[in-house]
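To start, the structure under review is shown below, and the notes come after it.
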Amino acid sequence: MKKLCILIAIVGGVASGQGTETFTTVPAQQSFVNKNCAGCHNDKLKSGSFTWTKVDLAHPGTTAEEAEKAIRMLRAGMMPPPGMPRPDAVTMKNFIGALEKGVDAAAATQPNPGNPALHRLNRTEYHNSIRDLLDLDIDVGPLLPADDMSHGFDNMADVLTVSPALMEGYIRAGSRISREAVGDTHAAAVTATYHIPRVVNQMRHVEGTPFGTRGGVAAIHDFPADGEYVFRLSLYYDICGPLWGKSGGKGQQIEVAVNGARVALVTIDPNSTFTDDLVTEPVKITAGPKKVSASFIPRFEGPVEDAVMPFEQSLIDMNNADLPGMTALPHLRELRIVGPKKVTGVSETPSRRRIFSCRPGDGADEVPCVKKIISTLARQAYRRPVSDADLEDLLSVYQQGRNQTDFETGIRTVVQTIITDPEFLFRFERTPADVAPGTLYRISDIELASRLSYFLWSSAPDDQLISIAAQGKLKDPAVLEQQVRRMLADPKSEALSKVFAAQWLNLQNLKDVQPEAFLYPHFNKNVGESMRRETELFFDSIVHEDRNILDLLTANYTFVDEVLAKHYGIPNIMGPRFRKVTWTDENRFGLLGQGSILTLTSVSNRTSPVQRGKWVMIVLLGTPPPPPPAVIPPFKENEENGKQHTVRETMEAHRKQEPCHSCHQLMDPIGLALEPFDAVGVWRTKDAGQPIDAASKMYDGTMLDGPVSLRKAILSHQDAFIGTFTERLLAYALGRVVEYPDMPMVRSIEREAAKNNDRFSAFVVNIVKSMPFEMRRADGGEPSSAPVVKPTVLPEAAGVRH
């Protein structure tokens, strides 16, 4: 039993049968600790590297870091450890409440919003800011290095560092983006490649391709100029040479379409080899972003009766390219677009319409028009009103480009300069000159507007938000809340689902998951992408329907397309459009029943109760299990031709040995409750030929027997779930790590949100109105005992360039 205590972060216990207690005095709290906790957490044992002698119950603010450790573990029910007597829920809640009250009261006397580091735009924010500035949706992945992540998010200022390689990337990106936005009559012919992995199914219609076709690829390609372009197509072949789908015979064709209109139709030679590409004649295409697709013309429909029945991962074995008795159809491997050649000019595009808000007439003075264009672009790019100094600098840049060629070249030079300017790449928050070091002050409305827009949209503020901020109205709580609700209703708030929720739930790891093909032949890239989209749409419904965040665990609906519906066994869903469906099976309710979560917490050839249990503890409850020991005994997998053991049997054998038992007793019961779902989230009743046994006991003593009971067990600690959600959302909003001094503010946001039925908007509004979001501490010195609120000078009034 002592080993259990040592490896639990914080342990406590109360004799069974103890009556409900309240803790209105320090002696009462100390008595509770002495009786139930100090046996393990004393200066001698220091179980879990924690001792209650370091917590000053009379003045908890002085030992807030240690007190917050206890609060976190108590909230999640992780003490006392498994097998120890447990106090009644009311007594434990009263003790937690008393401890929280003491810490919060102390924190209120010394508010500290923090001093965030200089915030660089990450790749997502850069992409979205370019999109909203220039009406140009460009993939910046190949242009900029990936961002580091901190505490699960890639918008944390402390890791958004700057390197010479990154700055070179910004310069290259600025050159390319400005040329694509303005157009380039001198564009050289280049090759853009769109690759289709072999784990993608091409036996059905692909979204974005013309209806009536199958397979292939669709992408938005930006054509830099009017001219001729050639499309090169390569197919998949057997590793020994034959075309995959050779048995389909002659007459197979691929259609190339631009914006849904056919521009080329090429016929496939079944006797071609892997060195043979299909090449179209030159096609005249105008400049601008267009949807380009290459897809097959189907030659037959209906079920087939082969020696091997079809499965989703159709290229699972490339050796079967021309196997008799197996229906195989050609699959596209790459679409390459080569051009432009014979450039004839640049047509009007969305980007050009956005940039060129005016044009100087023949012989007219260009300066007024140029000033209008520059002012509009710089205001949006710099996220503030433009000063005279800004305008003069950019006019000089324009003139340099204008002297080289013409008016459009000058504007292109301005665009390139703006999007490589530090004012665009960084979110500056400047300390007013009259604020002493260490003093707390309210950031300017302009700076608050940027914090708000990058929180809700992962992009720059729009013109309305900038205008309100420039007028100094954003500090008005009613105006601020009105803007929050407007922005949440805007489609751009989908960034909360695609960025915040995806990173909080670890969905970014789904792209790297590839289950063993011969064990799970019906899982492919299509299914994985649909799983991620399901979870994004599910979270988006919580946002836009302003639901209680507990619906993330309990909602009886989800969103599926044909691929995912087939995976789940839902009938009568056709096509790539996602639609809302209602679950009748309670096991599928909420996040715990979604394929994305179940798949990313498995390994390639089986489920992983450890990973699933760890995911629940960290992501949903905010209580990481103890770190693994330096040496971990190997996990004994099933041997080929040997007796097959269930995952549960293997886990139980692994858990019997130390140092494995102490950690696994926390995670395994949670993961075992999800064993009815296989490694790709499909419901099952057997494992290794034996009935699934999902019975287990959670660390707090709750009996589990499947997903439904696990969900109820998590909801019994809903304070921990809500607290974890609030903490993660606050960290994402601030762009910095939330640490123990911030926890009183987290609890304050929770309490205010509870008054509005824990609706999503309540958390957002209260975060935006919170001290850490609206204020900061001046560089240098320690925080003052009380905030000094001072207005900051707006850029246009300062008369200096920011």
Check whether at least one residue in the stretch 521-534 is open to solvent by less than 20 Å² (accessible area, probe 1.4 Å) and over 20 Å from the mean Cα position of the chain (by Cα), and report yes or no. yes
Taking the stretch 674-691 and keeping only residues that are touching a residue at least 40 places away in the same chain (Cβ under 8 Å) and not aromatic (Phe, Trp, Tyr), one is left with LEU674, GLU675, PRO676, ASP678, ALA679, VAL680, GLY681, VAL682, ASP687, ALA688, GLY689, GLN690
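With the structure loaded, tell me whether PHE721 is assigned to a helix (DSSP H, G or I) and out of contact with any Phe, Trp or Tyr (no Cβ under 8 Å at 6 or more places or on another chain) or whether it fails that test. I'd like the intermediate steps shown before the answer.
On the way: assigned to a helix (DSSP H, G or I): yes; out of contact with any Phe, Trp or Tyr (no Cβ under 8 Å at 6 or more places or on another chain): yes.
Taking the combined requirement at face value, the residue satisfies it.
Based on what the data block shows, is PRO82 farther than 30 Å from PHE223 by Cα, in contact with a strand residue (DSSP E or B) (Cβ under 8 Å, 6 or more places away or on another chain), surrounded by fewer than 21 Cβ atoms within 10 Å (Cβ to Cβ) and modelled with pLDDT under 85? Outline the logic, then answer.
Numbers: farther than 30 Å from PHE223 by Cα: yes; in contact with a strand residue (DSSP E or B) (Cβ under 8 Å, 6 or more places away or on another chain): yes; surrounded by fewer than 21 Cβ atoms within 10 Å (Cβ to Cβ): yes; modelled with pLDDT under 85: yes.
Here the answer is yes, as PRO82 does meet what is asked.
Answer yes or no: is there a residue in the stretch 128-148 that is farther than 26 Å from ALA378 by Cα, open to solvent by less than 60 Å² (accessible area, probe 1.4 Å) and outside any loop (DSSP other than H, G, I, E, B).
Initial filter on the stretch 128-148 (farther than 26 Å from ALA378 by Cα): 146, 148.
Remaining after also requiring open to solvent by less than 60 Å² (accessible area, probe 1.4 Å): none.
So far as the stretch 128-148 goes, no, none of its residues is farther than 26 Å from ALA378 by Cα, open to solvent by less than 60 Å² (accessible area, probe 1.4 Å) and outside any loop (DSSP other than H, G, I, E, B).
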Restricting attention to the stretch 563-587, and to residues there that are closer than 21 Å to PHE721 by Cβ and in contact (Cβ under 8 Å) with a residue 40 or more places away in the chain, which single residue is surrounded by the most Cβ atoms within 10 Å (Cβ to Cβ)? ASN587
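Every residue in the stretch 588-603 that is under 18 Å from CYS663 (Cβ atoms) and open to solvent by less than 30 Å² (accessible area, probe 1.4 Å), please. Show your work before the answer.
Kept after step one, since they are under 18 Å from CYS663 (Cβ atoms), are these residues of the stretch 588-603: 601, 603.
Correct list: THR601 only.
Checking the condition touching a His at 6+ places or on another chain (Cβ under 9 Å) and within 20 Å of LEU456 (Cα to Cα), which residue from ASP137, ASP147 passes?
Only one candidate qualifies: ASP137.
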Does the stretch 736-749 hold any residues that are crowded, with 23+ Cβ neighbours inside 10 Å and farther than 17 Å from ALA107 by Cα, and which are they? ARG736
Suppose the filter is at pLDDT 95 or above, surrounded by 15 or more Cβ atoms within 10 Å (Cβ to Cβ), hydrophobic (A, V, I, L, M, F, W, C) and more than 25 Å from LEU552 (Cβ to Cβ); does ALA478 pass it? no
Among residues of the stretch 604-630, those that are hydrophobic (A, V, I, L, M, F, W, C), modelled with pLDDT of 95 or more and either part of a helix (DSSP H, G or I) or surrounded by fewer than 16 Cβ atoms within 10 Å (Cβ to Cβ) (or both), counted: 6
From (1) among the hydrophobic types (A, V, I, L, M, F, W, C); (2) open to solvent by less than 40 Å² (accessible area, probe 1.4 Å); (3) at pLDDT 95 or above, pick out the condition that doesn't hold for ALA778. (3)
How do the pairs read when you match residues in the stretch 495-516 that are free of Cβ contacts under 8 Å to residues at least 40 places away in the same chain with residues anywhere that are open to solvent by 30 Å² or more (accessible area, probe 1.4 Å), using Cβ under 7 Å and keeping only pairs 6 or more apart or on different chains? ALA502/GLN508
I need a count of the residues in the stretch 699-746 that are touching a residue at least 60 places away in the same chain (Cβ under 8 Å), farther than 30 Å from PRO116 by Cβ and in contact with a helix residue (DSSP H, G or I) (Cβ under 7 Å, 6 or more places away or on another chain). 9
Every residue from the stretch 338-375 that is among the basic types (Lys, Arg), in a helix (DSSP H, G or I) and open to solvent by 40 Å² or more (accessible area, probe 1.4 Å): ARG353, ARG354, LYS371, LYS372
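For the stretch 173-184, does any single residue satisfy the condition of being surrounded by fewer than 19 Cβ atoms within 10 Å (Cβ to Cβ), in a loop (DSSP other than H, G, I, E, B) and among the polar types (S, T, N, Q)?
Our first condition is that a residue be surrounded by fewer than 19 Cβ atoms within 10 Å (Cβ to Cβ); within the stretch 173-184, this holds for 175-176, 179.
Adding the requirement that they be in a loop (DSSP other than H, G, I, E, B) leaves none.
Scanning the stretch 173-184 turns up no residue that is surrounded by fewer than 19 Cβ atoms within 10 Å (Cβ to Cβ), in a loop (DSSP other than H, G, I, E, B) and among the polar types (S, T, N, Q).
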Filter result for the condition that a residue is touching a Pro at 6+ places or on another chain (Cβ under 8 Å) and among the hydrophobic types (A, V, I, L, M, F, W, C), over MET149, MET203, MET156, MET167: MET203
Give the stretch 677-696 a look and list any residue that's in contact with a Pro (Cβ under 7 Å, 6 or more places away or on another chain), closer than 16 Å to ILE597 by Cβ and assigned to a loop (DSSP other than H, G, I, E, B), or say none. ALA679, VAL680
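The values are calculated or read from the model by the stated rules, or taken from the named source; none is laboratory data. All of these numbers come straight from a predicted model, not from anything done at the bench. Every residue, glycine as well, gets a Cβ built from its backbone with ideal geometry; the counts of neighbours run over all protein chains shown. Only protein heavy atoms, including side chains, enter the accessible area calculation; ligands, DNA and RNA are left aside. Shrake-Rupley method; radii C 1.70, N 1.55, O 1.52, S 1.80 Å.
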